[in-house]
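Everything on this sheet refers to the single structure shown next.
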Amino acid sequence: MSKRSAKIFDLKGKATGKTNLSPVFKTPSRPDVIKRAVIAIQSHRFQPQGRDPFAGKRTTAESRGTGLGIARVSRIKGGQRAAFIPFAVGGRATHPPMSEKKIEKRIPRKEMRLALRSAVAATASKEIVSSRGHVIDDIPDFPLVVVDALERLRRTKEIEEAFIQLGVWPDVYRVRESRKVRAGKGKRRGRRVKQAVGPLLVVNQNEGSLEATRNIPGVDAVTINNLNVELLAPGTHPGRLVIWTNSAFERIDELFGGR
């Protein structure tokens with residue numbers, strides 16, 4: 001990347017200065033490593049599930065042996081109905097899920113760090129951000145760095161006004177238009193609404209801005225210390241539209257630089 005500095009914008013969308021780009025933004029794109037890292041993070045939230053070892057087996061059914069002209073399946077006593085076996089009504093499952101199954105995935109620490117650096121670098125590429133589906137026609141610069149006053153906004157209306165001035169609001173509008181009710185039973189299981197993923201706000205310290213962004217659909221906010229690959233690359237796809245505050249942007253090399 002030939003560019004070595006980024007512009008700093010105020011809440012009115014006007015450039016007020018420049019800041020140096022961290023060497024982290026020179027990290028090559030590694031979507032394969034990013035995908036592994038995101039899946040590893042997501043797997044830590046999976047809840048182990050299994051079946052009762054005696055499910056379908058609480059019966060006195062047994063096979064009657066050979067010589068009767070009928071199949072040698074387990075049948076309930078006093079009748080002809082099959083039981084216990086996998087294909088019988090109320091019988092045991094053939095290969096049921098087991099709670100002992102290892103579903104938590106792990107990757108090496110250096111690989112996770114490479115994924116994070118690569119995901120951070122992707123946020124500075126206009127082509128990658130655009131290919132992910134974000135509306136970036138009004139974004140003044142990549143990466144988008146804003147003055148620290150953004151961290152101190154405590155009202156949702158103030159955050160919205162800042163996003164409008166910075167050219168981020170069209171992408172939030174895209175998220176609002178994408179909202180729809182999910183088809184099928186998922187709507188009854190806490191997943192009623194589907195929507196696109198919007199911008200990510202990264203701050204150095206939470207002075208109220210994290211709470212102020214909660215009611216804006218598709219927008220996430222996080223402190224730089226809690227930034228992870230899944231937030232930067234939702235769905236394993238890098239290139240999320242990120243708004244950095246200046247103090248958070250200056251700590252990128254401190255937190256993610258080196259090896």
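None of the figures in this text is laboratory data; all of them are computed from the coordinates on show. Quick caveat: nothing in here was measured; it's all calculated off a predicted structure. Cβ: placed from backbone, ideal geometry, glycine included. Neighbour counts: every protein chain shown.
Annotations for the structure displayed:
- Placed amide H near Arg182: partners under 5 Å, 5+ positions off or other chain: Val193, Lys194
- Proximal charge balance of Leu153 [Cβ under 14 Å; K/R count +1, D/E count -1]: -2
- Dividing the helix sum by the residues of the chain, where each DSSP H run of 4 or more adds -39500 (n - 2.57), gives a mean residue ellipticity at 222 nm of -7500 deg cm²/dmol.
- Farthest toward positive dipole pole in the range 127-210 [+1 Lys/Arg, -1 Asp/Glu at C-beta], among Pro199, Val181, Gln165: Val181
- The mean sequence distance of close C-alpha pairs (under 8 Å, at least 6 residues apart), as a share of the length of the chain, puts its relative contact order at 24 percent.
- Alpha-carbon centroid distance for the pair the range 20-49 / the range 114-180, whole angstrom: 20 Å
- Positive-pole candidate from Met98, Gln80, Thr236, dipole of the chain, charges at beta carbon: Gln80
- Shape analysis of the range 52-102 yields a ratio of the Cα radius of gyration to the Kirkwood radius, Rg/Rh, of 1.09.
- Largest first and in whole Å, the equivalent-ellipsoid semi-axes of the chain read 54, 21, 15, each the square root of five times a Cα gyration tensor eigenvalue.
- Remark: for residue pairs Lys26/Lys101; Lys35/Lys187; Lys18/Lys105; Lys57/Lys102; Lys157/Lys185; Lys14/Lys194, the C-alpha separation exceeds 32 Å in Lys26/Lys101; Lys18/Lys105; Lys157/Lys185; Lys14/Lys194.
- Share, in percent, of DSSP beta bridges within the chain that are antiparallel, nearest 5: 45 percent
- In a reduced charge model with +1 at each Lys and Arg Cβ and -1 at each Asp and Glu Cβ, the chain shows a dipole moment near 1880 debye about its Cα centre.
- Summary of packing: across the peptides 94-101, 51-58, 214-221, the per-residue average of other C-beta atoms within 10 Å ranks them, highest first, as 214-221, 51-58, 94-101.
- Positive contributions from Lys and Arg (+1) and negative ones from Asp and Glu (-1), summed over other residues with Cβ under 12 Å from the Cβ of Gly235, come out at +2.
- Environment charge at Asn215 (Cβ cut-off 15 Å; Lys +1, Arg +1, Asp -1, Glu -1): +1
- In plain terms, the residue of Ile103, Ile76 with the fewest other Cβ atoms within 10 Å comes first and the most crowded comes last, giving Ile103, Ile76.
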